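Structure record follows, encoded as C-alpha cells.
The values are calculated or read from the model by the stated rules, or taken from the named source; none is laboratory data. Every value quoted in this text rests on a predicted model; they were computed, and no experiment measured them. All Cβ positions, glycine included, derive from the backbone under ideal geometry; neighbour counts span all protein chains shown. Remember, those area values only see protein heavy atoms, side chains included, never the ligands or the DNA or RNA. Shrake-Rupley method; radii C 1.70, N 1.55, O 1.52, S 1.80 Å.
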Amino acid sequence: MAGAAPQGPPQGSGQASGGSTGYRQIVGPLLLPTWAVIGVFLLLPVLLMGVYSFLTKEFRGGVIWDFTLAAYDQFFVTRGLFGDEPPQIEWTYIAIFWRSIWQAGVCTLICLIVGFPTAWFIATRPPAQRSVWLFLITVPYWVNLLIRTVSLKFLLRDNGPLNEGLMAIGLISDPLPLVNTNLAVQLGLFYSYLPFMVLPIYAAVERYNFALSEAAADLYATRWTILREIVLPVVKPGIVAGCILVFVPSLGAFLAPDLLGGAKTFMIGSLIDEQFKGSQGNWPFGAAVSMILMALVLLVLLVQARAAGKAGAR
Amino acid sequence: MKGVRHYPGFLALAVGCLVILYAPLAVVAAYSFNDSASITQWGGFSWRWYVDVFTGPEAERFGAAAWNSLTIAVLAATASTAIAVAAAVAMVRGGQFRGRTATYALINLPLMVPEIVTAVAALIFFTMVGITTGYLTILIAHITFCIPFAFLPIAARLSGIEEVYEQAARDLYATRAQAFWLILLPLMMPGVISGYLLAFIISLDDFIITNFVKGAGMETLPTAIFGSVKQGIKPNIMAISTMMLAVSVLFVTLSYIANRIGQKTRT
Amino acid sequence: MSTAIDVQNVIKKYGQSTALQGVSLAIADNEFFTLLGPSGCGKTTLLRCIAGFEDVTAGEIHLFGQNIASLEPNLRPVNTVFQQYALFPHMTVLENVAFGLRMKRVPPEARRARAGKMLEMVHLSSFADRLPAQLSGGQQQRVALARALAPEPKVLLLDEPLSALDLKLRQAMRVELKQLQEDTGITFIFVTHDQEEALTMSDRIAVMSQGRVQQIGAAREIYEAPVNRFVADFIGETNLLEVQVERVLDGIAQVILPGGHRLTCPAAMMAAGPASGAGRHHLSIRPERLRLTPSGPLVAEVERIVYLGTDLHLLARLQDKTAVTVRIQNNTREGLPAPGTWVTLTPEDGAARLLAD
C-alpha cells in the first residue's frame, strides 16, 4: 500500500449523466457499503485516535479516560530529567520530524531527477517498446515492499555482494559501512518509491503534444530551453502528482529506516511503531505523533490542491 | 539533429533506473539457488532452500502464514472489489448528487492517510471496541484499505463506457438490473479484473497495518518474513522472497493481459 | 389516420438551461417524420424524451393515446437506432438482434427465428455469428436497424443514424430506410441536421431551433414557403434582403427593396411578424430564382463567379452592400458579366417572400 494524492472526482460521461441509466435513484444503497466500511473502520478510528491522543497513559500500554495534553506536552516541551526545571522546547521529536521531512524531500528530489528523464525516455519510444518499458518499471512496484527492502539490505551488507564485489576487483580493501547509514535509508526510500514518480510523469509526457517542442525549436529555442520553457510547465501536473506520491509515503515510511537504518536514522514511522510495542509503549503519545504526522500530510495535500486549483482556474 | 524528443543522457538514466530497481531482486533470486549455507559465498546451484521452505523446521510456520496471507488476500480482494463496483457505478453514473465530493474524499481516504497512521487508528479502534485482534481484524483492515485500489481502475474503465449501451438495453426492454448484469458488468470486466488483482496484491503485500492489528500468534507472510529477517537474512527467506517475486510477476502479467483485452473491446 | 405520437407542451430543463421550451407536435401513424435542426436545437433531446432516456420537466407525451412521459424506457413500446449504433460489443450480431426479444421473454426458438428473419431483411444472414467490431460501419448500421425493429416497436426512433457513414453509403441507405419504413408500416421519427436527408426521405419535417419547433410541413412546403428567417436560412441557400414593409394585407405584402423599387410579394403569416404592418423586415429569394435581366428591380455589382459543375454561382453586392448570390445553369455559353460590372436582377414571380423574424 502506498500514499497517493487525490486526482479529482471522475466526471460522469455525457451531458445528461445518470438521468438515463437509472442509477441516480439508487446512489444511496450503492454507496452504503463504502461509507459503512471506510467510515466505520478508517474515518471513525482516525477520529478516535484524535481523542486517544488526549487521554492519560496507563502503565503497560493502556489508557485512563482522563483528558490531558500530556502527549503533546511530551512532544513539544521538556522540563528536564526530573520534570522540575522551567519548561523549554523539546527538540528530540521535532528533530526526528525534521529528519524525516529532510529524508523524504531529498528522496523526492532524487526520484524526480532520475524519474523524469526515465519517464520522458519511455514516453518517446515507439508504442510497442513503450509497453515493454512500462512493464519493466511496474514489475518492482508490484513486488512486496518488504522483500524489496530486504533484498537491498542483503545487497548492501558489510559482507554482501556489493562489498564483496568491490573488494574482489580491488577498489576497496575494507567493506564500506553502507547499512545503518542515512545513505542506506535514502537509497531504500528511493528504491521503494521510484515507480510512483515515473508513472504519473509518464502519463503526462505521453499526452504532451510534441508539436509544441517543434514549434519552439522552429523559433530558435535550444533543446534545454525547450525543456525548461515549454515541456516542464506543460507536464507540471504529472510532476507534482509524482512528487506527492513519493513524498507522502516516504514521510511515514517504516520499513526502509527500520531495516536499513540504525539509531541515528530514526524516522517518524519507527517513533510511532515504538509507542505500541510492549510495556515501554505509550499509546496516547503514539496517537499524538500520528495526529501530527497526519496534519503534516494534509497540509502538503492542501497546498497541492490549492496550487492545482489555481492552475486549473487559469 | 535527432528531433525534439531526444535528450542526451536520458537513455542512460532510464537504463540506470532499471538496474537499480532490479539489481537487488536479481541478487536475492540468484542467491536463493546457492547451495552454500553461508550467504556470502557461492557454493553452486541447488534447490535445497526451496525444499527447506516446504520441509524444513520453519515450514509449518511459513505454511500457516502463507495460508493466512492467501485467504485474507482472496477475501479482502473479493469484498473490496464488490464494494468498489457499487461505488464506481454510483460515482460515475449517479450524476451530481449531494455528498459526491465527500464520498470521493472518503474513498481516497486510505490513500491519503499515511499507512502507519491507519495502522495506529485501526489498533486503537479495535482495542476500544473490544474486538480481539487476529485474523478477522486483519481482514477488516485489508478490505478497508483495498477499496480505493480496486475503485480506481474500475471507475476509470466505467467512465470510458458510454451510457448509450445501457440505454440501448433499456430501450430493448431490459430492466435496470438486466442492463447492469447483461451489458454494463461485462463491459466493465477488464477494469474489474484489474481492480481485483491490484487489491489482491496490495493485501498480500501489506506489512505495517497487518503488523499492528494481527494480534499475538497470528502471522501473514510479510510479518513472518519480517520476524525472521530481524535475526538475519537466511537462504530460506531468499527462496520465499523469490517465490513471492514470481507470484508478483505472474500477477502483473495477468493484469497486463486483462488491460490489452480491455483495449480491444473498447468501442 | 390515427395519431402515433402526440407531444404536448414538453419542456425540458437542465439546471439553468432550457433544452425544450414547450414543444407540441402530432405524428401520424405510418408517417416518416423528421426532426431537423442545427446541433443544440433540441431535436435529440426531444427524441430522448420520447424514448424515455430523459425525464420531461413538464408536458405530456402520448403514444396512441397513452401518456408515456413518466414510464421507464423498458416499458415503452418504442425502439431506438442510436447515432453510433450502440451495438453490444461483447455479443454476436444474432445475440444483439435477439436481445429485445429475450428481454420480452420470447421463447428461444421463436426469437432465433425472428432475429434470423430480421437479419435476412437487412441482408446480413451470413454475419450472424460475428462480433460487431468485425463489421463495417454500414453493416453495423443495418444490425442496429434490425435490432431495433425485431421487437416490432410501435414507433422507431432514429438518432442521426446515417451521420457516421460515408457519402455514397449514406445516399444508398436513404433509399433503403424509406423502403423499410414503407414495408414495415412502422412510424419512423428521424433526427438529423442534414437537410438533404430530411428533404429526400420525410413525409413531414419539423424544423427546430433553440428548443422550439419553427415550422412543420412537407419538404416542398418548408423549402418554398418558409415561415421565418431561421427556416429560410437553414433550409437550402437563400438571399436575405432587408426591406421596408409598407403594408401587409391578406398575406400579400408591399415592400421597398434596397435601391428603392417597390415589390409585391407573399408574406409569411406569423402573429409576431410583419402582418401587423410596417417596419424593416427580411425578404427571402432563392438564388436559383433570381434572373439576370436587361432591366429589373435590383442592381448589383458582380464580385466573382464560382464554378460548381452543373451550376455557376454569381456573387454580387447590392448598392447597400448586401451580398446576393445568383445561381445560373452551366449551359449558357454566352459571355458572363465580368467582375466589377453592374448587372440588374429580377426575382421570378412569387419567388420573393417576406419573412417573420
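Assorted remarks:
- Chain A: most fluctuating residue of A:VAL303, A:VAL240, A:VAL37 per GNM, C-alpha cutoff 10 Å: A:VAL37
- Chain-alone versus full-assembly comparison, region C:42-89, residues with accessible loss of at least 50 Å² (1.4 Å probe): C:PHE53, C:ASN74, C:PHE82, C:PHE88, C:PRO89
- For region B:80-122, average projected area of the Cα convex hull in nm²: 3.5 nm²
- Screening chain A for DSSP H helices whose Cα atoms reach 30 Å or more along their own axis and whose mean Kyte hydropathy is at least -1.0 gives A:91-123, A:182-207, A:283-313.
- Interface A:B - total buried accessible surface [probe 1.4 Å, Å², rounded to 100]: 9800 Å²
- P(r) weight above 42 Å for the protein assembly as shown, C-alpha pairs, percent: 54 percent
- Portion, in percent, of the accessible area of region A:83-216 that falls on carbon or sulfur, probe 1.4 Å: 66 percent
- P(r) histogram, all alpha-carbon pairs of region A:232-314 included - 10 Å bins from 0, percent: 16, 36, 26, 16, 6, 1
- For C:ALA267, the amide hydrogen comes within under 5 Å of the amide hydrogens of C:ILE252, C:ALA253, C:LEU354, counting only partners 5 or more places away or on other chains and with H modelled in the peptide plane.
- On a per residue basis, the protein assembly as shown carries 43 Å² of accessible surface, using protein heavy atoms and a 1.4 Å probe.
- Scattering profile of region C:1-101 at q = 0.16, 0.19, 0.22 Å⁻¹ [log10 I(q)/I(0), Debye over alpha-carbon scatterers]: -0.77, -1.02, -1.22
- Rounded to two decimals, the Cα radius of gyration of chain B over 2.2 N^0.38 Å is 1.23.
- Kirkwood radius and radius of gyration were both taken over the C-alpha atoms of chain A, and their ratio Rg/Rh is 1.04.
- The share of C-alpha pairs in region A:94-275 whose separation exceeds 24 Å stands at 49 percent.
- At q = 0.12, 0.13, 0.20 Å⁻¹ the log10 of I(q)/I(0) for region C:137-295 amounts to -0.66, -0.74, -1.26, computed by Debye summation with a single uniform scatterer per C-alpha, solvent ignored.
- Rounded percent of accessible protein surface that carbon and sulfur make up, region C:1-83, 1.4 Å probe: 45 percent
- Candidates A:PHE210, A:PHE266, A:PHE116: whichever shows maximal mean-square fluctuation once chain A is modelled as a Gaussian network with Cα springs under 10 Å: A:PHE210
- Taking C:ALA253, C:ALA172, C:ALA198 in turn, the Gaussian network model of chain C (Cα-Cα springs below 10 Å) assigns the largest fluctuation to C:ALA172.
- Computed FRET value (nearest 0.05) for C:SER295 with C:ARG212, which takes r as the C-beta separation and R₀ as 51 Å: 0.75
- Seen from every direction in turn and averaged, the convex hull around the alpha carbons of chain C projects onto 21.7 nm².
- With an a/c value of 1.5 or above and a/b not larger than b/c for the gyration tensor axes a ≥ b ≥ c computed over the alpha-carbon atoms, region B:1-123 is described as oblate.
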